1. Show me the ranking of peptides 254-261, 153-160, 203-210 by mean Cβ neighbours inside 10 Å, starting with the highest.
2. How would you rank 303-314, 228-239, highest first, on the average number of other Cβ atoms within 10 Å across their residues?
3. When ranked by the protection proxy of mean other Cβ atoms within 10 Å per residue, highest first, what sequence do the peptides 321-332, 383-394, 345-356, 403-414 form?
4. Could you tell me, in Å, what Rg and Dmax come out for the Cα atoms of region 184-341?
5. Determine the distance separating the Cα centre of region 246-269 from the Cα centre of region 167-190; give it in Å without decimals.
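What follows draws every value from the coordinates through simple rules; no lab data is involved. This is a predicted model, so every value here is computed, not measured. Quick reminder, even Gly has a Cβ in these numbers, built from the backbone with ideal geometry, and neighbours come from all protein chains shown.
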Amino acid sequence: MSEFDSGPDLGDEPDTPSHGEEPLVFRIEQVVDLDIGPSSHTIPGLTGPLPEATPQDPLITFDAPPLSTRSPESVPDEHEAPEGATPTPTAVRHDEPTTAQRALGGRLPRTARRTLTWLSLAALATLAIATPTLATPIFVTDVTELAAYTLTFAGLWLLTHRLGLLSIGHGALTGCGAVAALHAVNDFGLPPSLMPFFGFVAGCAVGALLAVPALRLPKAYLALLTLSAAVAFPIVLRQIDGPLPVTLDAEFLPPAWTGVDARDEHVWEFWYVVIWVVVAMWLLHRLLSGPFGRAIVATRDEPTAAAAFGVSVYRLRLAGVALSSGLAGMAGGLLVVPVNFTDQAQYPEELSIKLFALTIAFASTAIRGSGLLRTVPASAVLVLLPVWLVDREGWVTEGGWSGLVKSEYFFYAVLLLVAAYVRSYRSRGLRASD
């Protein structure tokens with residue numbers, strides 16, 4: 001039997017001591033209050049007082065006062081560095097860009113971005129005030145269409161850069177809003193001043209109809225469905241309204257309180273469209289700056305993590321697609337204002353491809369995506385480039401290689417190529433800085 005088996009089993013009576021061995025007994029003799037102080041103490045089991053420690057003892061020092069006499073301020077922190085060991089850190093500005101951002105020409109400091117934004121808004125306000133008074137009526141009509149198309153680009157920007165989805169049919173959604181707004185006035189006698197609202201409702205409905213099945217499938221299905229809608233829309237519109245344009249039955253004249261003469265109808269149409277666009281852009285900016293905007297970015301970057309935190313990814317994406325389509329439909333309702341008619345030739349399938357290409361091109365100039373103000377130059381290229389090409393004598397009708405270089409699609413190809421190179425250069429710089 002080993003020494004570990006010499007003890008009694010549980011439940012057995014203890015054995016009597018044998019061979020003269022005494023049992024081992026522990027007994028508490030005294031409870032001592034261990035109070036550290038200058039007086040000597042005795043410990044049970046030891047005789048005599050404790051010896052007084054002396055400063056000559058190498059293991060005990062008396063440089064610090066007793067703990068009972070120290071103040072909380074005098075107790076040093078064990079993590080505190082000695083005075084003078086490290087220099088005092090200088091103040092850091094949180095709005096300054098990082099080294100990588102400075103090297104890439106990427107995100108500007110917060111103050112610089114705000115200054116640039118306010119300067120851009122001031123420039124746009126100056127142009128808006130000067131255009132209807134200094135430009136010709138035809139050019140004012142073109143700028144009015146430009147302002148309306150900014151809402152289509154805003155919807156595409158929301159879809160591609162905030163939701164991470166693709167749509168190649170926003171031209172058809174814009175046409176749906178225009179047709180719905182015009183028929184709401186012609187067929188139901190509704191006021192023409194509410195045409196943008198009718199277009200918004202129609203765009204939301206059609207966009208949601210396309211998104212309900214597509215969002216349950218891979219992301220490419222939404223792009224394919226919207227592309228199919230862009231191709232089918234002119235055919236469907238021809239079957240509904242016939243080959244001829246449908247004109248607006250109501251007159252869109254300036255109210256008397258505006259002080260605009262009836263002969264300057266283009267001025268009133270311009271300001272009407274601009275006011276709708278500014279209000280819609282401001283509301284969209286406020287919406288994306290809140291919880292909704294942060295939630296849709298979460299569904300784009302980390303949909304699994306967003307779902308784990310209780311975010312309904314499918315419903316949020318459906319709401320985002322409906323809102324994006326509604327903005328395109330509102331743009332269609334505003335486009336009826338300066339022209340007063342709808343036609344299948346206004347919304348061909350090429351329009352959707354141009355809208356998508358310009359959205360991607362102007363968004364690629366920034367590492368972190370485009371902003372709402374980038375919709376203005378994209379819309380300017382869409383509307384004013386064909387006008388500028390037509391004004392160049394012989395450019396549109398010229399054939400051969402020279403005619404190819406002077407064509408509208410060549411400019412689009414160059415713009416996309418430059419944007420791709422800029423994006424590639426900045427991506428290489430970003431990887432090199434990591």
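1. Details: 254-261: 11.5, 153-160: 26.2, 203-210: 22.5.
Per-residue mean Cβ counts within 10 Å order the peptides as 153-160, 203-210, 254-261.
2. Working: 303-314: 13.0, 228-239: 17.6.
Averaged packing, sorted descending, gives the order 228-239, 303-314.
3. Values: 321-332: 29.9, 383-394: 12.2, 345-356: 20.0, 403-414: 14.0.
Ranked by mean Cβ neighbours within 10 Å, highest first: 321-332, 345-356, 403-414, 383-394.
4. 19.0, 60
5. Region 246-269 and region 167-190 have Cα centres separated by 21 Å.
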